[in-house]
1. Could you work out [θ]222 nm for the chain from helices alone, using -39500 (n - 2.57) per DSSP H run of at least four and dividing by all its residues? Round to the nearest 500 deg cm²/dmol.
2. Using a simple charge model, +1 on the beta-carbon of Lys and Arg, -1 on the beta-carbon of Asp and Glu, nothing else, what dipole does the chain show about its Cα centre, in debye to the nearest 20?
3. In whole percent, how big is the carbon plus sulfur part of the accessible area of segment 587-673, probe 1.4 Å, protein atoms only?
4. Which shape class, rounded, prolate or oblate, goes with segment 298-391 when its Cα gyration tensor gives a ≥ b ≥ c as root eigenvalues, a/c under 1.5 marks rounded, and past that a/b bigger than b/c marks prolate?
5. Of the chain, which part is the longest with no chymotrypsin sites (Phe, Trp or Tyr not before Pro) in a loop (DSSP not H, G, I, E, B) and with at most 13 other C-beta atoms within 10 angstrom?
6. Only Lys, Arg, Asp and Glu count, each charged at its Cβ (+1, +1, -1, -1), so figure out the dipole size of segment 468-543 about its Cα centre, rounded to 20 debye.
7. For LYS200, list the aspartates and glutamates whose Cα falls under 14 Å from its own Cα; do not include residues on the same chain fewer than 8 positions away.
8. Keeping every protein chain in place, order SER686, SER437 by accessible area at 1.4 Å, biggest value first, i.e. largest first.
Amino acid sequence: RLCISRTGKAVEGKDLPTWSLQWKSTQEIYDLSDANLYTEGSPYTEDWVKGCRRALRRLGLSYEWQEQHLEEDVHLSSFRIEPEVPSLTYPGITDIYVVHEVVFTVADPMHPQVSCIGLPVGQEFATTEGATAGGQSSESTVKIWSWCRSTLMGAPSGGESPTSAVVRSNPIKRVPVPALSGAAICRFQQRLRRGSFELKPPSAVLRIVQEGRATDWDVVRSMSQKITECDYSLEAFYRDLCAFPELDLYLLENNVVPGLISCSDTGAAAASSGRTIGDEYQRTVGAFFAIYWLMRLSTDGRCGFCFGVDEQYTPIQAEAGEERLYPAEKRVKFYKESQWDKFDQLLQDAGLLVRNESGEWVSDPKRVATVLALTAIHDIMKVKALLPTVAKQHADYNGYKPGDTIGDHDHALGYVMEHFPELLPSFKGLDEDEQRSVQFTQCQLCFNHGWLVQAEAPPGAIFTRFRQVLRSSTDSDRSARDIALYFVHWLTDLAGAEPTPLGGCEKFVIKFPLPVLNSFLRSFSTVGRISTETETEVMEGYLISRWEEQASSLGPPPSGPAAIAKMRLLCMAQMNTIPILEAFDKLSAEDRDDLSAEMAMTGCKGQRYSGHLIPEDSPLMASGPAFLIYYGPAFLQGLGSDNPVVRLSLLAKLYTSARRLWPASAEKMGDVVTVRIDAIKGLSVSDMLAAERNSDCRWAVIRKNGNEAFVDTVAVRQSSEEVEVSSDISEDTSDVALFEIAEIMGPCASGS
């Protein structure tokens, strides 16, 4: 669909994976009356089966990959002769084309090795042509390939093929990457690979990729004005999003190669392997689409939010049927039973919808531009290559010392907004009032609503800074308006969390039970209590209310030393609540006690949960620091086929490993340490075990600085006496706490 040169020139078109069969002899003159020239198995050219293999190599697919994953569909393949075709090579004469059109079926569209060509969801993927074995040459080009609907998808008489079945339940839901964005990414890559740039703060990479880029404010103001108008389509809205230059940054990956992930390739290096376009871009577009649909709830917004759009970007209707609405039951239930009035009220509280002179609700263009700009920049620091380093003059920024890379993406964004706003043109171009609103929600508020609703963090991490800001504010009306803006942004960001923007807001509509979403909406009132109650009191009340919402299946709220841990696990596990809570009671006494104590720590000096809900006799109840297991909810929600007892046991080991690095002390009772588990949140336990068995590695919690750690594998040297860390991840081995997956799995190892 798109061909981009190394210089960033982009050409859109339609290029199929084809191959011109090679003549066996280039010297021979053929008699055009010779019938063998036109036969399916012509003796004068290379074998057409070999030609198919070469055509598919254009997609970076090795011959071994083709053998393993592709099957020719003989019912749909064809052979034809096209005579008298005007020659593209020699004008004025005609050519005769002998064409083999071959249709392949992917044997198993769900196989992990076929993700390199965008399956099973039909996402775009990219290849690099003209590359040498050592990498990209100056002549190489990036090609972005798209799946499109085909009339060939009808099943043969034998029944529905596996591919057809997958396509029925997984229509193409990802947006195509705009040509301008693809070209911009290639220009970024070219600049970065020159290698001669000044290492200026806060991030050399961020400075290079943002050099000379500007927000098109004429387009932004126009789309903010038109967003509620009936004739302003989603397709036009998506086209206008190119006005935000930061949106392209989501196509970068952490190795600063264009948003692409390699697939293994054992063939020659004429074309690099197929690579799928990064999910973070699709999620951000999904958040933009959620804003668009919520602003249009009185017209077509509900349908778009619940059912997504068709190939023409027109909202699908509730009557479309199971094939277009899959899974129809969940989508229709959300459409009919969601509390839409609460969404509307939130938009009004945030100032996004205002009454005009006629008393009608219309958009406030300035405020809409603010939430769009916030969405454009909010998650760019998830690309690790862009993370800023603290400059000397900004010492001790939120606990980070000069020279520290700010690992928390929210803090990182706040640092750049505060000290280097010129690198974020979509923020810097807002007027001063709206800039203050963005900074209030992202920097000053320091409130992560996801930590509350999923009970991911202790109350000190969630509420302490938030409480201080509210108490120090002299403009309560402005604070309320900006807090509502924060909640709008949080909702739309979560609504777009699935990388399938054309399928509607699937994270809410399909993945969340409706009562959970409604509890999210009700949790906004919980936050308001922080001005009159302590952080721990608000958190305890919230946990009890969440349990009571599921009282029919769980009974009354628990009491006893494990009560807080159980209530937090309910919020973290979401749809896996029942198996996780059942597994908690099957843990070893040691693991159960560790989770009960660690998860009941508050991170607030002098504060404790009610005595009947915690292990009162544990010394941790009057100590610190408390731990925030970052992505802990994702770890439990991604249970899959794993034994839930093993998952919970591993969670307990994460806490105890971190505790070895940060021993408990009364002086640190008000501190919170973040332990990031990005590396394992999407892995099965067997995947983690394989990483240990297949190399001289162990999993470990590794201290990064005084208030952050992360989980990764470290190389080890093992003798009969001890295991010695030999990795250069940390200069000081006292910053590394090892744990063994095999030891955790115990008797469950073979079963998992």
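The values are calculated or read from the model by the stated rules, or taken from the named source; none is laboratory data. Please read all numbers here as calculations on a predicted model, not as lab measurements. When we count neighbours, we look across all protein chains shown, and the Cβ atoms used for this are built from the backbone with ideal geometry, even at glycine. Note: areas computed on protein heavy atoms with side chains; ligands, DNA, RNA excluded. Shrake-Rupley method; radii C 1.70, N 1.55, O 1.52, S 1.80 Å.
1. Numbers: 29 runs with 287 residues, N = 752.
Dividing the helical sum by the residues of the chain leaves -11000 deg cm²/dmol.
2. Working: 73 positive and 101 negative charges, 227 e Å.
The calculation lands at about 1080 debye.
3. On the way: 1550 of 3040 Å².
Looking at segment 587-673 in its full context, I get 51 percent from C and S.
4. On the way: a/c = 2.46, a/b = 1.27, b/c = 1.93.
It is oblate, given that a/c is not under 1.5 and a/b is not larger than b/c.
5. Details: sites that count: TYR30, PHE197.
Between exposed loop sites, the widest span is 198-752.
6. It comes to approximately 160 debye.
7. Within the straight-line limit of under 14 Å, LYS200 reaches these aspartates and glutamates: GLU211, GLU422.
8. Values: SER686 50, SER437 0 Å².
From most exposed to least exposed: SER686, SER437.
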